Amino acid sequence: MEGLNHAGPDKHPHAIAGMFDAIARRYDFLNHLLSGGLDRRWRARAVRELAFQGHEVVLDLCTGTADLAIAAIEARQGAARRVLGVDFAGEMLRIGQQKLRAASHDGRVPLVRGDAVRLPVASASVHCAMVAFGIRNVVDPAAACVEVHRVLRPGGRFAVLEFAMPRTPVLRSVYAWYFRHVLPRIGRAVSRHDAAYDYLPASVGTFFPPETFIAIVERAGFTRVRAIPLTFGIVYLYVAEKPRATGETAGGMGRGGASNGPAATMM
Ligand SMILES: C[S@@+](CC[C@H](N)C(=O)[O-])C[C@H]1O[C@@H](n2cnc3c(N)ncnc32)[C@H](O)[C@@H]1O
């Protein structure tokens, strides 16, 4: 990504978990501030796209302070029955637990400490899986997608929200400037953590472009992979499905039984 640091940031699990633990108490506030409140809309869109019918058990990977899990439980139309939140940062989970308890959701949203590449979840046990702004932090995102595929039931859906760089040159320059000069300063001042808000643009700048991430999701065994740009393409919502039947592969037979054309669609 031009204008951004290309050096891959340190993604050692201890470093990542320690960094999120250190900023946990300011994390939600900074999320809403730095995105101008758009983060709530992006999560709501992901939940809408999964279109729960009320009976689903859902996995929220890299759940952090559980905002996506809460959005899935509180959705006015199409809420999930139960959401299991998994994250390896204990302090993020502690804040999430407080929020869940305050909203009386703790019975429906258990939080578990665990690694996205070795999920403490039985195979073929969840109806849907989702992850918001977490996959780029995982050392091996492809391994996490394979793990999600393992724990999903056949026909289960997977939604991923992740930052991207806008493609339009002018927007891209403005965004790179905001990421390089504005966001780290505000992040540092509010979180009082020196590195976390330098890490954010560095991790976005070195994450896969949408086409590559689609290929990773397909390689993990998913079909009907779509990438939906949100807010001028600064965020992408990826939606994918675990095939229902053996032999149904990426680009093959889908829910309706007919070929859906190209497996991956950029929208
Ligand atoms: C940017 S936060 C996103 C939190 C939340 N999903 C949200 O929408 O605000 C990223 C989270 O991913 C977690 N994380 C990163 N790598 C992980 C891994 N390999 N296993 C479990 N959690 C991980 C971090 O601890 C952190 O809480």
Can you tell me which residue among ARG136, ARG150, ARG167, ARG188 is away from the ligand (no atom under 14 Å from the Cβ), touching a residue at least 40 places away in the same chain (Cβ under 8 Å) and of a type outside the set (Asp, Glu)? ARG167
Hey, any hits in the range 46-60 for a residue that's within 12 Å of the ligand (Cβ to nearest atom), more than 15 Å from LEU152 (Cβ to Cβ), in contact with an Asp or Glu (Cβ under 7 Å, 6 or more places away or on another chain) and of a type outside the set (D, E, K, R)? no
All-but-one check, PHE158 against (1) within 21 Å of LYS11 (Cβ to Cβ); (2) modelled with pLDDT of 95 or more, failing number (1)
Within the range 80-130, count every residue that is part of a strand (DSSP E or B), among the aliphatic types (A, V, I, L, M) and within 9 Å of the ligand (Cβ to nearest atom). 2
Taking only the range 28-37 into account, find how many residues are within 9 Å of the ligand (Cβ to nearest atom) and at pLDDT below 95. 1
Could you check the range 170-243 for helices (runs of 4 or more DSSP H) lying wholly inside it with 1 or more residues that are over 17 Å from the mean Cα position of the chain (by Cα) and aromatic (Phe, Trp, Tyr)? 196-205
When (1) closer than 23 Å to ALA129 by Cβ; (2) at pLDDT below 95 are applied to ARG48, the one that fails is (2)
Pairs with Cβ under 9 Å, 6+ apart, first in the range 20-43 and farther than 27 Å from ARG76 by Cα, second assigned to a loop (DSSP other than H, G, I, E, B) and within 12 Å of the ligand (Cβ to nearest atom): PHE20/GLY64; PHE20/PHE88; PHE20/ALA89; ASP21/ALA89; ALA24/GLY64; ALA24/THR65; ALA24/ALA89
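The values are calculated or read from the model by the stated rules, or taken from the named source; none is laboratory data. Nothing here was measured: the structure is a model prediction, and the numbers come from that model. All Cβ positions, glycine included, derive from the backbone under ideal geometry; neighbour counts span all protein chains shown.
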